[in-house]
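First comes the structure, then the notes that go with it.
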Amino acid sequence: MGAIVAFIAVIILVLIVLAGTGAANLHFLLGVIIPYLTFVTFTIGVAYRVVKWGRSPVPFRIPTTAGQQKSLSWIKDSKLDNPSTTTGVIGRMGLEVLLFRSLFRNTSSKLYNGSIFAHKWEKWLWMGSLAFHWSFLIVLIRHFRLFMAPVPSLLHLIEAFDGFLQIGSPGIFVSGIILLGAVSYLLFRRFYIPQVRYISLTSDYFPLFLIIGIALSGILMRYFIKVDVVSAKELIMGLLTFKPIIPKGIGVIFYIHLFLVCALFAYFPFSKLMHMAGVFLSPTRNLANNSRMKRHVNPWNYPVKVHTYEEYEEDFRGKMKTAKIPVEKE
Amino acid sequence: MHDAGKIIPGLIIFAAIVTFPFYYNMGKAVERPEPKLDTPAIQELKEKQCVESKEFMRANHMQLLNQWRDAVVRDGNNVYIGSNGKKYTMSLQNTCMKCHSNKKNFCDSCHKYVAVRPYCWDCHIAPKESKL
Amino acid sequence: MANIKLPKPEELSKIDHKPPQKRWMDTPAEFKQGMYCYGAKGKNLSAVDFPNARDWSPDDKDWKLPENWKEIVLEGMKERLGKYRSFHIFMDICVRCGACADKCHFFLGGGDPKNMPVLRAELLRSIYRKYFTASGKMLGKVAGARELTEDVLKELWYYYYQCTECRRCSLFCPYGIDQAEITMIGRELLNLLGLNTDWISGPVANCYMKGNHLGLEPHAIKNNIDFMVDDIETITGIKIEPSFNRKGAEILFVTPSGDLFGDPGIYTCMGYLMLFHELGLDYTWSTYASEGGNFGFFTSMEMAKRLNSKIYAEAKRLGVKWILGGECGHMWRIINQYMDTWNGPADFLEEPVSPITGTRFENAKATKMVHIIEFVADLIKHGKLKFDPGRNDQFKVTFHDSCNTARGMGIFEEPRYIIKNVCNNFYEMPENTIRERTFCCGSGSGLNAGENMELRMRGGLPRANAVRYVHERHGVNLLANVCAIDRAALPALMDYWVPGVKVAGVHELLGNALIMKGEKERTTDLRGDALPGKEGNEDA
């Protein structure tokens, strides 16, 4: 159900472009106005969300400790999984953000013969998401050849690695294929695993279909339905230097690709995609487990009503005296 | 606590990354490259027409060259029949570069602009150009 | 309790993990007998000034909610979104990857899809989206948002008291989303309407008025300990004289009241008493701060702080130098992650130093409270204790890491080090079920009542399963732990799933093995059972 709505939404986005580049002739809207609006929405939207999170304080130190604590000198503490120092926290966050440490730990628990659980290492989700995120990043970085003039040699290096297969011309980039494969896997598991299907919302399918659309249109454009890259870059450079221009004759596939990318980035700050920023702010990961060593202050701490010892002794003085427990007031 | 000391630098880094393409290109007048068609060989042509249309060649020349290479090297076939019915010899050096002898002002101008490094010249010898 | 039938293990272990066809939002919660606790009593809620204090039962159609209950919940959510970044972020960034789904013991043991941590969180998130996000306000169900109705509220109550706040989901979540945190805040919201359980609100009221969950009055505490002292004398021939509320002692000792009452908690407590006596430790018990555990933590942060305040207050009143804490689970999560922030700074105390070995407990230099397991591991390392591990040879031991000390502290090596010194036979359970990946006993966070026994047995199944593995493979017959709720909850779990396995605190094993100066030859262990090779000498 959610998947169908999301799929139709992406199809509608494509149809909008077809209409816009066809009879309506809205190239300027699609190629200039919408990209600018998207940039503003994305940048301000993300910053706004982060600031909003930042305004809520972190009252307590609540790291999820995933290893031995630092205690006695002769017991080896787990510096990355249960960090007690800032360096350790940076290491833990680095592993989390770059290598998805927590997902790497993933197990699958299945019931066999009635009531025996087997808990096995489950690496597919970790591999799928790692492949997805890293290939997406590399694809994005590769696109900077269209955003920069002159193009720095680092990008050539990345392209050389990415295109190491040297198949065809233009040469195949591995990252694009991995991206499409990984995002398809992430979609597939939402259909295939009953529990994941049960929890999936429209807002889970939508970005997946959108990214599939982006990857497909990109691959089509590079290898099959060719467009004039020089004109494409001219359009982009026009945007970046604030001298917008719509060169003639760029194929519709370019506008489809661009519009879907805009849709993704404009959708970003309103959606779960904010996990990109949120992961850095997660209090169960970015705090050191040192709250017994170092005082941590809650900015909204307030005095509370307590049952004092005096009140307690008042209630039980007789019984305490009989039991020969010392009291303050005889 | 609020961690302003970490969140604000984080946001500044974020802003720096997303606006990078803008300030990197700031003040640079990057003109669209116009490949030069003024070689003697072209000027001698009666009908100034490549093996296929200009629009097709702009978008598809790399794939055409790839097909030519495969046809010549693998199948030993070196005759290309264009969509206008004319026959051409499939050869980078003897057909393409005969007219477009100005590699620097023809091939390289666009390739440099969109940061493409074709590996044609790994095997082929680039034409000698008089340095003007 | 007797009227709620607990199915047989064979029946209970038929679990279907396949979710139903119907979407979860369209499926209201079905209240199943044995899966939830009795409602809170009015007198217990009013004892701590909680709102909407009244007698109430979840079985009734009318939950006697205040008229503006919806406003109260939404206002409460708004307030907490502004107070807890954790809550705000956890409402926003879940991608529903499902990594947490099969990590929850309640889902594994029950198969109810709303017990998948992600869906338990979505129960609240759907409300958040409806009232606090633009997309939820506009798109409604398509954006995963839904109206807050009385049915939704009842569903929240049902499932937020089917979470033991064990944080296992948080360990596997790529963003560290912690359902324990969401449950805690969800329960705070429910408590704004007086929606608590009898099993939690009773101990809270007790602890507030009498100093401990069990409601033991000062003389009763002393009596209970005197009984243990007598038993120790019978077993070892040594007379111990503990002190209570003594000013000027060096150390205040605080342990969960579960150790003062009932089997097998008291054997652990006897272990403490024997240890302290053997060391000649200058320490005191307190009848005012006679609870290390904190059921307030299962109602609201404020209530937890109110109960916790007694520990520092008592340490200050008695003028001790530092505080030693007994074996407990959530007590230690609180001491490690909350106590100093709530009720500190403890600047009237000194940085803890072991009077026996001189070791400075630098990891506790702000809070000034040391875990007895850390304290003892240090003693053993310095050779200050003599053991006869043979006195535990009747046991083949495995160790259950408590959720809170595992994922809210990280105390893994210390208890194992002690066990290996006091026992000859120790076997680990499979690695995906211990240490940071440990499975809950199924009864934490105030769920260890009698009327929800099916829930407890289901929730405890993954843990019991791992015990059964070592029971069948190595003949393990003793499940050691460092948590009072474990000691209260695991015996029932073992009897149900793995009969023949007993439950003991680490200090019971230590008490068995500890060679005390001047002790007579022991013939029984602390439980009064004959020691191996001494069966003939047993007293009639």
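Here are the numbers:
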read-out	value
Within segment C:319-341, tally of residues that are more than 7 Å from every other protein chain (Cβ to nearest Cβ) and either part of a strand (DSSP E or B) or surrounded by fewer than 21 Cβ atoms within 10 Å (Cβ to Cβ) (or both)	6
Qualifying positions in segment A:156-184 - assigned to a helix (DSSP H, G or I) and either touching an Asp or Glu at 6+ places or on another chain (Cβ under 6 Å) or surrounded by fewer than 18 Cβ atoms within 10 Å (Cβ to Cβ) (or both)	A:HIS156, A:LEU157, A:ILE158, A:ALA160, A:PHE161, A:VAL174, A:SER175, A:ILE177, A:GLY181, A:SER184
All helices (runs of 4 or more DSSP H) inside segment C:4-113 with 1 or more residues being in contact with a Cys (Cβ under 8 Å, 6 or more places away or on another chain)	C:105-110
Residue match in segment B:123-132 (condition: out of contact with any His (no Cβ under 6 Å at 6 or more places or on another chain), of a type in the set (Val, Ile, Thr) and in a helix (DSSP H, G or I))	no
From A:VAL32, A:VAL14, A:VAL58, residue being crowded, with 21+ Cβ neighbours inside 10 Å and either hydrophobic (A, V, I, L, M, F, W, C) or not in a loop (DSSP other than H, G, I, E, B) (or both)	A:VAL58
Filter result for the condition that a residue is among the hydrophobic types (A, V, I, L, M, F, W, C), within 18 Å of C:ILE334 (Cα to Cα) and more than 36 Å from the chain's Cα centre (by Cα), over A:VAL297, A:VAL327, A:VAL306	A:VAL306
Selection status of C:CYS163, under 27 Å from C:ASP401 (Cβ atoms), at pLDDT 95 or above and part of a loop (DSSP other than H, G, I, E, B)	yes
Positions within segment C:460-491 being within 14 Å of another protein chain (Cβ to nearest Cβ), over 14 Å from C:VAL506 (Cα atoms) and either aliphatic (A, V, I, L, M) or assigned to a strand (DSSP E or B) (or both), in sequence order	C:LEU461, C:ALA464, C:ALA466, C:VAL467, C:VAL470
Given (1) at the interface with another protein chain (Cβ under 7 Å from one of its Cβ atoms); (2) within 32 Å of the chain's Cα centre (by Cα); (3) aromatic (Phe, Trp, Tyr); (4) surrounded by 15 or more Cβ atoms within 10 Å (Cβ to Cβ), number of the condition A:PHE268 does not satisfy	(1)
Yes/no for C:ASN424 being surrounded by fewer than 22 Cβ atoms within 10 Å (Cβ to Cβ) and touching a helix residue (DSSP H, G or I) at 6+ places or on another chain (Cβ under 6 Å)	yes
So C:LYS316, is it crowded, with 24+ Cβ neighbours inside 10 Å and either assigned to a helix (DSSP H, G or I) or at the interface with chain A (Cβ under 9 Å from one of its Cβ atoms) (or both)	no
Members of segment B:80-122 found to be surrounded by 15 or more Cβ atoms within 10 Å (Cβ to Cβ), in a loop (DSSP other than H, G, I, E, B) and among the polar types (S, T, N, Q), listed by number	B:SER91, B:SER101, B:ASN102, B:ASN105
Residue selected from segment A:271-293 under the condition among the aliphatic types (A, V, I, L, M) and more than 7 Å from chain C (Cβ to nearest Cβ), by the criterion nearest to C:MET138 (Cα to Cα)	A:LEU273
Considering residues of segment C:117-155 that are farther than 18 Å from A:MET1 by Cα and small (Gly, Ala, Ser) only, the residue surrounded by the most Cβ atoms within 10 Å (Cβ to Cβ)	C:ALA121
Cβ-Cβ under 7 Å pairs, at least 6 apart or on other chains, segment C:201-229 side under 14 Å from C:LYS43 (Cβ atoms) and more than 9 Å from every other protein chain (Cβ to nearest Cβ), far side among the small types (Gly, Ala, Ser) and part of a loop (DSSP other than H, G, I, E, B)	C:SER201/C:ALA40; C:ASN206/C:GLY215
Selection count, segment C:492-509, where residues are assigned to a helix (DSSP H, G or I) and more than 10 Å from C:GLY265 (Cβ to Cβ)	9
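The values are calculated or read from the model by the stated rules, or taken from the named source; none is laboratory data. This structure is a prediction, so every number in the text was calculated from the model and none was measured. So basically every Cβ, Gly included, is an ideal-geometry build from the backbone, and we count neighbours across all protein chains shown.
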